[in-house]
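The values are calculated or read from the model by the stated rules, or taken from the named source; none is laboratory data. Being a predicted model, the structure only gives us computed values, none of them experimental. When we count neighbours, we look across all protein chains shown, and the Cβ atoms used for this are built from the backbone with ideal geometry, even at glycine. These accessible areas exclude ligands, DNA and RNA; they are computed on the full protein's heavy atoms, side chains included. Shrake-Rupley method; radii C 1.70, N 1.55, O 1.52, S 1.80 Å.
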Amino acid sequence: MMRIGLVGCGHIGTVHAYVLQQLTEAKLVDAALALTYDADPDRAAKVARRHGGAAAATLPELVAGVDVVWVCTWTAAHLEAVELAVDAGLPVFCEKPLGPDLPAATRVAERLERVPHQVGLVLRASPVFQHAADIIASGDHGRPMATVLRDDQYFPIQGFYGSTWRKDVTQAGGGTLIEHSIHDIDVLHWLLGDPATVTARTSARFGHPGIEDTAAVTFGYADGSVAQLTSVWHQVLSRESGRHVEIFLEGATLWTDDDYLGPLHVQTTDGTEQLMGELPDWAGRLSVPELYAKSIAHYGTAAKGFLDALAGGGGGDAVVGVGYPGADAALAAHRLVDDAYRSAAAGGVPIEHDAAR
């Protein structure tokens, strides 16, 4: 059985610990949480007590006692944890963003690529976006013309998030654009490819230096099509995090308000159909309330895919880069985020996108 070490026991680390516990107890993976570590020892002990394993006193102690490392710290701490794991030759699951800025993200990506790894861009595991990707790739309804993506959530330093580091630019690197909407930018890149230009405006209203709470980004493509992203961290605590996506093709309109199963609405001249995703077959084996089954299955699909690939990869070079998505996809999204920040800093001037830099 693979021993998993969890580094970072805040909100997202706790989510991963719960998911891994569910997968283990349902005998869906041959792996289990063995050690936890956090800068706050009490949090590490709490997660271990509730979800399995024991709390390690130091990060090196954790790395020495496990077979795979899950990195779920605040963003600026990813590099240290990834370096230690990679130097020990261990596979790594690293949450997004990779780093607080493009140079740091590049360093994390370079290290991840030396070992089997996966990045926590969980929307890649969403059937609703896979449906959209398949339709666009088929060309059956023509080319994309315009895409609109709105993403909003309440400022994640309160409520059930239970942490405050996202208001600190030294730990987060930025606000809603990099910390949350790197998911959205990854989806747009997956569906539409690299843009030719990136134009952005950002603003910060809640008094946290360097932490934008509003971002509006326009991606311009070589064929004349456009995509617009609006990302907001607001203070409406009764409003759940949500995404609305519309994709206008030449012969169809695709839209959804659900970023996991959908449905994806597909409207053509002949009418509208709905494409609904399904929970994985194994989701029924999870011992979770129905209310949580959907979100646990979403994260569980990504985690199970990585652990299954590691278990069946044969070891050594045969499994390098086995996870999906990998550091290459994450770094592509980081380049676009960096373009957006550079545009916003220059007053919203278009930035020519260089996918190779």
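The table below lists the values:
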| item | result |
| --- | --- |
| Selection from segment 322-349 of residues that are modelled with pLDDT under 95 and in contact with a strand residue (DSSP E or B) (Cβ under 7 Å, 6 or more places away or on another chain) | G323, Y324 |
| Members of segment 86-109 that are out of contact with any His (no Cβ under 9 Å at 6 or more places or on another chain) and touching a residue at least 12 places away in the same chain (Cβ under 8 Å) | A88, G89, L90, R107 |
| Residue satisfying condition, being among the basic types (K, R) and open to solvent by 60 Å² or more (accessible area, probe 1.4 Å), within set R243, R285 | R285 |
| Residue ID - nearest to P144 (Cα to Cα), chosen from residues in segment 192-208 that are small (G, A, S) and touching a residue at least 60 places away in the same chain (Cβ under 8 Å) | A196 |
| Residue in segment 37-47 that is free of Cβ contacts under 8 Å to residues at least 24 places away in the same chain, in contact with a strand residue (DSSP E or B) (Cβ under 9 Å, 6 or more places away or on another chain) and basic (K, R) present | no |
| Residue that is open to solvent by less than 30 Å² (accessible area, probe 1.4 Å) and of a type in the set (D, E), where the choices are D30, D42, D38 | D38 |
| Neighbours by Cβ (under 6 Å, 6+ apart or cross-chain): first from segment 294-315, open to solvent by less than 40 Å² (accessible area, probe 1.4 Å); second modelled with pLDDT of 95 or more and of a type in the set (S, T, Y) | H298/Y260 |
| Breaking point among (1) modelled with pLDDT of 95 or more; (2) more than 20 Å from the chain's Cα centre (by Cα), for G312 | (1) |
| Members of segment 209-239 that are free of Cβ contacts under 8 Å to residues at least 40 places away in the same chain and among the small types (G, A, S) | A216, A222, G224, S238 |
| Among residues of segment 17-27, those that are open to solvent by 20 Å² or more (accessible area, probe 1.4 Å) and either more than 22 Å from the chain's Cα centre (by Cα) or modelled with pLDDT under 95 (or both), counted | 3 |
| Residue selected from segment 1-16 under the condition open to solvent by less than 20 Å² (accessible area, probe 1.4 Å) and part of a helix (DSSP H, G or I), by the criterion nearest to H78 (Cα to Cα) | G13 |
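Residue by residue, here is whether (1) closer than 16 Å to D152 by Cβ; (2) charged (D, E, K, R) holds:
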position: D184; (1), (2): yes, yes
position: V187; (1), (2): yes, no
position: A196; (1), (2): no, no
position: S203; (1), (2): yes, no
position: T214; (1), (2): yes, no
position: A227; (1), (2): no, no
position: A252; (1), (2): no, no
position: T268; (1), (2): no, no
